[in-house]
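Computed from the coordinates by the stated procedures, all read-outs in this text should not be read as laboratory data. What you see is a predicted model; the values in this text were computed from it and never measured. Because the Cβ atoms are built from the backbone with ideal geometry, glycine has one as well, and the counts that use them run over all protein chains shown.
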Amino acid sequence: MERSPNPMLPSAAGRRAALSGNALAVASMLTWAAGFPAAELLLEDWPATSLIAARLGCAVAMLLPLWLLVDGPRAVLGARWGRGLLVGGVAFGLGTWLLLVAQDMTDAVTVAIILSASPIAAVLIEMLWDGRRLTRGFAIGIVATVLGGALATGGGGVALGAGALVAIAACFLFSWGSFAAVRDFPTLSPIGRTTLTLAGGFAATAVITLLSDAAGLPVRPTTQITATHIGLLAIYGIAGMALSQVMFIASIGRLGVAVASFHVNIVTFYVMLIMLALGGTWDWQAALGAGIVAVGVILAQRS
């Protein structure tokens, strides 16, 4: 694999890997955050199930030609497509759908709070599949990151009902899929790993959309698709999904899925900054939560 068992080794190479990995994670979260305002506008006219399929399809349509250009046809044709479609379908297809189900069973705040605990899922996955040892500093970093993420989302208490359990399952699927994208395809570039697994996610969500349509559920846009919709979908699918996921997978290759996942909890702050530039207001709670998450990221990576 591209990543060593412990990327935080006290060496120049380890420090460079940590620096570049964290920079990639920050850039990934920034581009991911850019998709949220676009999604909010798209959801006014586009049911969530088919919008997710369109988002993944847009991402794959952009990444596949880029993968061919960068790595060549041999790398694309020789990739483990069966395994990639399986990993992506389960993690990014089924996982995304379960998140929608969880939100329908609970509410957006509950789902956001549970997602802020996704670093715990990532750490457990590394402990089970990668042999990570949980040190005291790393454990403190996890606690700080989860608390900061919950604070940034404005979270209070969460009732652990069926909807919350579904959201927790989605967290584990996302974390496992990101980990498997690096572990299972060691010869592929970050672009290849991302394209392969997102193609699986697109295939799964496309099937879910078709089945939903056959069952009479709303999946079609309520208005005619315009150039504005296409532009927003490009932001949502290309910046908020394709570019973000490529950088996130590259970050996992340097930091591991656990530390890279810590950065997810700063996204609320980045979204707030984007909305601030668009005329929104400053949110001190989101800023404080982001600061606590940043401290957790630093503590978790201290050797």
Any idea what % of Cα-Cα pairs in segment 123-203 are farther than 19 Å? 57 percent
Work out the P(r) tail for the chain: percent of alpha carbon pairs separated by more than 27 Å, whole number. 40 percent
Two-site FRET efficiency, Asp104 against Leu64, from Cβ-Cβ distance with R₀ of 22 Å, rounded to 0.05: 0.10
Expected output is a single nm value to one decimal: the length gained when fully extending between Leu41 and Arg74, i.e. 0.36 nm times separation in residues minus the C-alpha distance. What is it? 7.9 nm
7 Å from Cα along Cα→Cβ at both Ala227 and Trp282: what's the point-to-point distance in nm? 3.8 nm
Would you mind computing, in nm to one decimal, how far apart the modelled labels at Ala162 and Asp130 are, each placed 7 Å from Cα along Cα→Cβ? 3.5 nm
Dividing the surface of the Cα convex hull of segment 191-303 by four yields a projected area in nm² of 10.1 nm²
How large is the helix-only mean residue ellipticity at 222 nm for the chain, computed as the sum of -39500 (n - 2.57) over DSSP H runs with n ≥ 4, divided by its residue count, in deg cm²/dmol to the nearest 500? -23500 deg cm²/dmol
Could you state the number of Å between the C-alpha centres of segment 249-303 and segment 40-107? 23 Å
